[in-house]
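To start, the structure itself, in structure tokens.
The values are calculated or read from the model by the stated rules, or taken from the named source; none is laboratory data. Since we're looking at a predicted model, the values are computed, not measured. Neighbour counts run over all protein chains shown; Cβ positions are idealised from the backbone, glycine included.
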Amino acid sequence: MKYFIINRGDGVSLALHERFTRLADQLGLTLDEEAPDTVLSIGGDGTMLQAFHKYKDQLDRLAFVGLHTGRLGFFADWKPEELETMARVMARPLEENANRMVEYPLLSIELRTKTSQEIHLALNEFTIKGIEETMVAQLDVNDVIFETFRGDGICISSPSGSTAYNKSLGGAVIHPSIPCLQITEIASINNRVFRTVGSSLVLPKHHHCDIYPQADKRMMLSLDHLGLQRSDLISIRVSVAKETIRFARYRPYPFWSRVQRAFIGQEPTTDF
Ligand code: NAP
Ligand code: MN
């Protein structure tokens, strides 16, 4: 069993990193940055995003696991005091852990310029915003014109990302067992002249959407925590990726319990 660790860099995460390394030595786990079987993220959800982007070319062969330092995360669900249990489960032969994996959908983002096209993956979401002025863009769904968007921008999230930026924008929380993408508006302009649909759209796998920004306008794009500015894009196609991400779920922790814990945080009252 080969592993690698990405940590947030704070004192608590660094100390846990060291403790895990010592445990791993005792358990016969080997450190391998090039081709690990398991990538352990110690920190927050943002740390898992970094781990994902570092290893996005090896998704078919590795699994991710997250230990949270700070608030309980969506990707980081093990507590520091569970470090030893986690290490022992990780040290089991791969076949024994095979049925403890969950696969979650990702987004494929194809950026097209006049001369090139590049494909990126996102775990949470892709966003596009105007920089100097209101973003104006044509939105097509499955190659049919849907609307002309005017406003701050558009967020397209995966089910895992539905609890992140998408949720702040009023999008729906979607269970990650549903392979889909969600298109959510960021401050659209709606009046008698300009019209957008106003609600989030959820597209199933095998559907796609294309965004056509105004030519030569500088746009701010984001892929999870990574930002980039572009002015050469003709169109952007977003769909559910054929790749998926595997998380090692060494013990059950239902998604809806995470949602409850993260956003409600208290036992429901029976006293109405
Ligand atoms: P950050 O500023 O630390 O992230 C903002 C918050 O989102 C943090 O509390 C982060 O948790 C949390 N988060 C990340 N992924 C999540 C998920 N899948 N479900 C629920 N919460 C999640 O920056 P970051 O850690 O590099 O994360 C980048 C992400 O921030 C982006 O992918 C985007 O989703 C989110 N974001 C949100 C807003 C907004 O809500 N207005 C604006 C920009 C970006 P941790 O503290 O555990 O890292
Ligand atoms: Mn963060």
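In segment 12-44, what residues are in contact with a strand residue (DSSP E or B) (Cβ under 8 Å, 6 or more places away or on another chain), part of a helix (DSSP H, G or I) and within 16 Å of ligand 1 (Cβ to nearest atom)? Please lay out each step first, then the result.
Keep residues of segment 12-44 that are in contact with a strand residue (DSSP E or B) (Cβ under 8 Å, 6 or more places away or on another chain), which gives 13-14, 16-17, 20-21, 24, 29-33, 35-44.
Among the residues that remain, those that are also part of a helix (DSSP H, G or I) are: 13-14, 16-17, 20-21, 24.
Of everything in segment 12-44, those that are in contact with a strand residue (DSSP E or B) (Cβ under 8 Å, 6 or more places away or on another chain), part of a helix (DSSP H, G or I) and within 16 Å of ligand 1 (Cβ to nearest atom) turn out to be Ser13, Leu16.
If you take the residues in segment 179-233 that are without any contact (Cβ under 8 Å) to a residue 40 or more places away in the chain and hydroxyl-bearing (Ser, Thr, Tyr), which one is surrounded by the most Cβ atoms within 10 Å (Cβ to Cβ)? Don't jump to the end; show me each part of the working.
Taking segment 179-233 and keeping what is without any contact (Cβ under 8 Å) to a residue 40 or more places away in the chain, we get 182, 184-185, 187-188, 190-193, 198-200, 202, 204, 206, 215-216, 227-228, 231.
Now restrict to residues that are hydroxyl-bearing (Ser, Thr, Tyr): 184, 188, 199-200, 231.
Working: Thr184: 25, Ser188: 20, Ser199: 12, Ser200: 19, Ser231: 12.
Applying the filter and picking the extreme gives Thr184.
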When (1) within 16 Å of ligand 2 (Cβ to nearest atom); (2) in contact with a strand residue (DSSP E or B) (Cβ under 7 Å, 6 or more places away or on another chain); (3) closer than 23 Å to Glu103 by Cα are applied to Ser222, the one that fails is (3)
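Quick one: in segment 133-162, which of the residues that are among the polar types (S, T, N, Q) and within 21 Å of the chain's Cα centre (by Cα) is surrounded by the most Cβ atoms within 10 Å (Cβ to Cβ)?
Residues of segment 133-162 among the polar types (S, T, N, Q): 134, 138, 142, 148, 157-158, 160, 162.
After this cut, where a residue has to be within 21 Å of the chain's Cα centre (by Cα) as well, the list is 157-158, 160, 162.
Details: Ser157: 31, Ser158: 28, Ser160: 26, Ser162: 27.
The residue in question is Ser157.
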So, first residue at pLDDT below 95 in segment 104-132, second residue not in a strand (DSSP E or B), Cβ within less than 6 Å, six or more apart or across chains; the pairs are none
Taking segment 127-138 and keeping residues in contact with a Ser or Thr (Cβ under 7 Å, 6 or more places away or on another chain) and under 13 Å from Val238 (Cβ atoms) leaves Thr127
Apart from one, (1) within 21 Å of the chain's Cα centre (by Cα); (2) touching a residue at least 40 places away in the same chain (Cβ under 8 Å); (3) within 13 Å of ligand 2 (Cβ to nearest atom) all hold for Ala76; the odd one out is (2)
**OP:** Answer yes if at least one residue in segment 24-35 is surrounded by 14 or more Cβ atoms within 10 Å (Cβ to Cβ), free of Cβ contacts under 8 Å to residues at least 60 places away in the same chain and either of a type outside the set (Ser, Thr, Tyr) or outside the structural domain of Leu123 (by TED's automatic domain parsing) (or both), and no otherwise.
**Re:** no
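Could you please find all residues in segment 45-75 being part of a loop (DSSP other than H, G, I, E, B), under 24 Å from Leu94 (Cβ atoms) and touching a helix residue (DSSP H, G or I) at 6+ places or on another chain (Cβ under 6 Å)?
Within segment 45-75, just Phe75 meets the criteria.
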Exception for Asp152 within (1) away from ligand 2 (no atom under 16 Å from the Cβ); (2) out of contact with any Lys or Arg (no Cβ under 9 Å at 6 or more places or on another chain); (3) among the acidic types (Asp, Glu) falls at (2)
Result of the Cβ filter at 8 Å on segment 38-63, keeping first residues that are assigned by TED's automatic domain parsing to the domain that holds Val12 and on the phi > 0 side of the Ramachandran plot and partners that are within 16 Å of ligand 2 (Cβ to nearest atom) and in a loop (DSSP other than H, G, I, E, B), at least 6 apart or interchain, is Gly43/Arg8; Gly43/Gly9; Gly43/Asp10; Gly43/Thr69; Gly43/Gly70; Gly43/Ala76
